[in-house]
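A.B. asks: Supplied in structure tokens, the structure appears directly below.
The values are calculated or read from the model by the stated rules, or taken from the named source; none is laboratory data. Quick caveat: nothing in here was measured; it's all calculated off a predicted structure. All Cβ positions, glycine included, derive from the backbone under ideal geometry; neighbour counts span all protein chains shown.
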Amino acid sequence: MKTALQALALILLLATCSAPAPEAARLPQSIPDLPPPRAFGAVEVTPPQRSNAQMAQDFMDLSFRMESGRALPVFTRFEGPVRVGVAGRMPPSAAADLARVLARLRSEAGVPVTQSGGGPAQITIEFMPRATLAGLVPEAACFVAPRVSSWADYRSARRSGRADWTTLTVRQQAAIFIPNDIAPQEIRDCLNEELAQALGPLNDLYRLPDSVFNDDNIHSVLTGTDMLMLRLTYAPDLSSGMAPQDVAARVPGLIARFNPRGGAAGPVYVAQADGRRAYTDAIERALGPGAGVAARRTAAQSAVSVAEAAGWGDTRNAFDWFVYGRLTAGSDPDTGFQALLRAASIYRGSSLTALHSAHVDMQLAAFALSQGDAEAAIATADRALPQALRAQNAALTATLMMVKAEALDLTGDTAAARALRLDSLGWARYGFGSSEDVRRRLDDIATLSPARRFAKQ
């Protein structure tokens, strides 16, 4: 039997539950047939806000190193127009999301990329069941590989070295592999990130507050900074095969031309400094599969130690407190809550991390609900909702709305609660996928409410 504490831990871990919620926690009112997924409109893009000097260093760190830490000896990109093809069973929502991201890449980044329409393609996006992908690459939600055009091609190439990015001198062929039985939002997020990496930088940096090139997964659609990185990648002044020092000599002038408002001075983080590999390894252990919660919590503590020993006061330090808080909430709610507050205080210190603050606020609103503090839950959800919508994060939006609806029920405003809960369902269908997953999330959040927990006691 799932307790309220378990449900809180579930939400804080951003996971789904395999067991049914206890009957006492189920919504008392009937939930109608769920609506179709809601769709977002145009992305509201914020121009890059950080100094050009820092973003020039970011570009070099992103372009000449893999996520694993392996160096890339030369600069690579596609030379000439890039056509994108689709294979496998494409989910209905993916067509519009693909068209939208390709249009943005052309208009905002100047990348010459189009959908192939059935003809030859330089990049192939292949959709497949999640079990198929996980059976071969269990650690990846989706990924891109070079020099291959299909899943079968990748299977034969992966052990031969042919699909090794470090051996490229120019990009000519790549394939992106995405599950077709996950939530529409997850598919959209995969399209954004994997297309960006197929075309441009291959690395991820935890220090970046405003980019999908960050494994914290806070940003899920391409940002203004991401488009600047891709515009730099396809600048006429650069070409495949260039050595790092030659690219580094040209990037400052290019970025000044593309982003004339970014000339302000600011801190410049040095590549591979400050224990970055140790931090990354600890975070990956904390978030990765295969380890128990206690081991993951220990790993999160290690990440906190690395960040604080290095004197980081940026998104890295906030993110490790965020992860530690999520992992601790189930066993020690007070400690988990204080860790989340620590993350929130760091995130709120910068205008670049408003979305990060919204993710923490979702956790804090859930905690307030579990404590019966309806007013705090409502106020916290209200603070986060505009950022969630602006970032086009339907899962976060729906969860905030559901938490607020339960809090409204606690205040006695059942009519407003029901209206808000119903309004959340379209976002939930896009963010979580199936009706079963949506109903499970409703049940999990209902379990947090003291009124539901004690209804049958």
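A.B. asks: Only one residue in Arg147, Arg159, Arg188, Arg171 is touching a helix residue (DSSP H, G or I) at 6+ places or on another chain (Cβ under 6 Å) and either under 30 Å from Val360 (Cβ atoms) or charged (D, E, K, R) (or both), so which one is that? Explain how you work it out, then say what you get.
C.D. replies: Numbers: Arg147 fails: touching a helix residue (DSSP H, G or I) at 6+ places or on another chain (Cβ under 6 Å); Arg159 fails: touching a helix residue (DSSP H, G or I) at 6+ places or on another chain (Cβ under 6 Å); Arg171 fails: touching a helix residue (DSSP H, G or I) at 6+ places or on another chain (Cβ under 6 Å).
Of the residues listed, the single one that is touching a helix residue (DSSP H, G or I) at 6+ places or on another chain (Cβ under 6 Å) and either under 30 Å from Val360 (Cβ atoms) or charged (D, E, K, R) (or both) is Arg188.
A.B. asks: Give the number of residues within the range 289-321 that are surrounded by 13 or more Cβ atoms within 10 Å (Cβ to Cβ) and at pLDDT below 85.
C.D. replies: 1
A.B. asks: Looking at the range 354-457, what helices (runs of 4 or more DSSP H) fall wholly within it and have at least 3 residues that are more than 27 Å from Asp33 (Cβ to Cβ) and in contact (Cβ under 8 Å) with a residue 24 or more places away in the chain? Reasoning before the result, please.
C.D. replies: Details: elements: 354-370, 374-390, 394-411, 414-432, 435-448, 450-453.
Answer list for the range 354-457: 354-370, 374-390.
A.B. asks: Check Thr280, Thr298, Thr335 and return the single one that is among the polar types (S, T, N, Q), in a helix (DSSP H, G or I) and in contact with a helix residue (DSSP H, G or I) (Cβ under 8 Å, 6 or more places away or on another chain).
C.D. replies: Details: Thr280 fails: in contact with a helix residue (DSSP H, G or I) (Cβ under 8 Å, 6 or more places away or on another chain); Thr298 fails: in contact with a helix residue (DSSP H, G or I) (Cβ under 8 Å, 6 or more places away or on another chain).
Answer to the selection: Thr335.
A.B. asks: Further, regarding this structure: Under the condition of being within 8 Å of the chain's Cα centre (by Cα) and surrounded by fewer than 19 Cβ atoms within 10 Å (Cβ to Cβ), which residue from the range 215-239 is nearest to Glu67 (Cα to Cα)?
C.D. replies: Filtering the range 215-239 for residues that are within 8 Å of the chain's Cα centre (by Cα) and surrounded by fewer than 19 Cβ atoms within 10 Å (Cβ to Cβ), the one nearest to Glu67 (Cα to Cα) comes out as Asp215.
A.B. asks: If you don't mind, another one. Taking the range 84-116 as the region of interest, how many residues are surrounded by fewer than 15 Cβ atoms within 10 Å (Cβ to Cβ), of a type in the set (Gly, Ala, Ser) and in contact with a strand residue (DSSP E or B) (Cβ under 8 Å, 6 or more places away or on another chain)?
C.D. replies: 1
A.B. asks: Follow-up question, since we're still on this one. Filter the range 323-378 for residues that are of a type outside the set (A, V, I, L, M) and over 22 Å from Val304 (Cβ atoms) and give the result.
C.D. replies: The initial filter retains those residues of the range 323-378 that are of a type outside the set (A, V, I, L, M), namely 324-326, 328, 330-338, 342, 345, 347-351, 353, 356-357, 359, 361, 363, 367, 370-373, 375.
Matches in the range 323-378: Ser351, Ser370, Gln371, Gly372, Asp373, Glu375.
A.B. asks: Something else about it: For the range 54-98, what are the residues that are in a helix (DSSP H, G or I) and under 24 Å from Ser239 (Cβ atoms)?
C.D. replies: Residues of the range 54-98 that are in a helix (DSSP H, G or I), as a first pass: 54-63, 92-98.
The answer is Met55, Ala56, Gln57, Asp58, Phe59, Met60, Asp61, Leu62, Ser63.
A.B. asks: For residues that are touching a residue at least 60 places away in the same chain (Cβ under 8 Å) and closer than 18 Å to Glu284 by Cβ, scanning just the range 183-213, find the one that is surrounded by the most Cβ atoms within 10 Å (Cβ to Cβ).
C.D. replies: Leu208
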